[in-house]
Amino acid sequence: MEQECLIALGSNLGSRAGSPVETVAAALSALADSGLRLRRVSRFFATPCFPAGAGPDYVNACAAVGATMPPPAVLALLHDIEARFARERTDRWGSRTLDLDLLAQGDAVLPDAATQTRWRDLAPDRQRSEAPETLILPHPRLQERAFVLVPLADIAPDWRHPLAGTTVRDMLTAIPGSDRASITAL
Ligand SMILES: Nc1nc2c(c(=O)[nH]1)N=C(CO)CN2
């Protein structure tokens, strides 16, 4: 059965595809060519780098795609596309030629809610050692980021977080207005 995946795209450096806008556009074509079915694409937005001053502005967008494969296979596919656009994975907040995040797949919760709660309460360094490269769904920082929520609201305003119970529209209302105001559609 096909499930809907919500994917966030971001770029703040040119790649072999060209500018960040061209890179995000090329990544969407790559997604469509990869066996995922492209259902909806948001507008492209210029967003200030988070954290502030860590690099040039980003271009961010979101896409809804249909997938018949399980979440780890979708993630592997996203990593493969990132690699083709030569993203450097060394620096956590550093500049990105292309960043593809799997935000959600249907209402999947991975790992289970109790494990996610335990991890969330750990200090960040222990979080990284106990939960190294584990796929967490929905994406654990989805609610905090205007640069994700603003494009996501274009394509899935009524999607409901399976643990928090809130919609994308609710989450967007809950973040500071100044964060939203700093984002402009291209
Ligand atoms: N505005 C914005 N800032 C970021 C982004 C991003 O996509 N947009 N991605 C990052 C690395 O994941 C770090 N900072």
Normalised alpha carbon radius of gyration of the range 22-80 [divisor 2.2 N^0.38 Å] = 1.29
Computed ³J(HN,Hα) along the range 64-69: with the Karplus parameters 6.51/-1.76/1.60, θ = phi - 60°, integer Hz and x for glycine or proline, the list is 10, 10, x, 9, 9, 9
For the chain, what is the accessible area per residue in Å² when the probe is 1.4 Å?
-> 49 Å²
Share of carbon and sulfur in the accessible heavy-atom surface of the chain [1.4 Å probe, %] | 54 percent
For the chain, one quarter of the surface area of the C-alpha convex hull, expressed in nm², comes to 10.2 nm²
Given the rule -39500 (n - 2.57) for each run of at least 4 DSSP H residues, summed and divided by the residues of the chain, what is its mean residue ellipticity at 222 nm, to the nearest 500 deg cm²/dmol?
-> -10000 deg cm²/dmol
Under 5 Å, built H, 5+ apart or other chain: amide partners of residue 44 = 186
Where a ≥ b ≥ c are the square roots of the eigenvalues of the C-alpha gyration tensor, would you call the range 144-186 rounded, which needs a/c under 1.5, or, failing that, prolate if a/b is larger than b/c, or oblate?
-> oblate
What is the distance, in nm, between label points placed 7 Å from the Cα along the Cα-to-Cβ direction at residue 29 and at residue 175?
-> 2.9 nm
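The values are calculated or read from the model by the stated rules, or taken from the named source; none is laboratory data. Keep in mind the model is a prediction, meaning the values are calculated, not measured. Please note: Cβ atoms are built from the backbone with ideal geometry, for glycine as well, and neighbour counts cover all protein chains shown. Please note that ligands, DNA and RNA were not included when accessible areas were found on the heavy atoms of the full protein model with its side chains. Shrake-Rupley method; radii C 1.70, N 1.55, O 1.52, S 1.80 Å.
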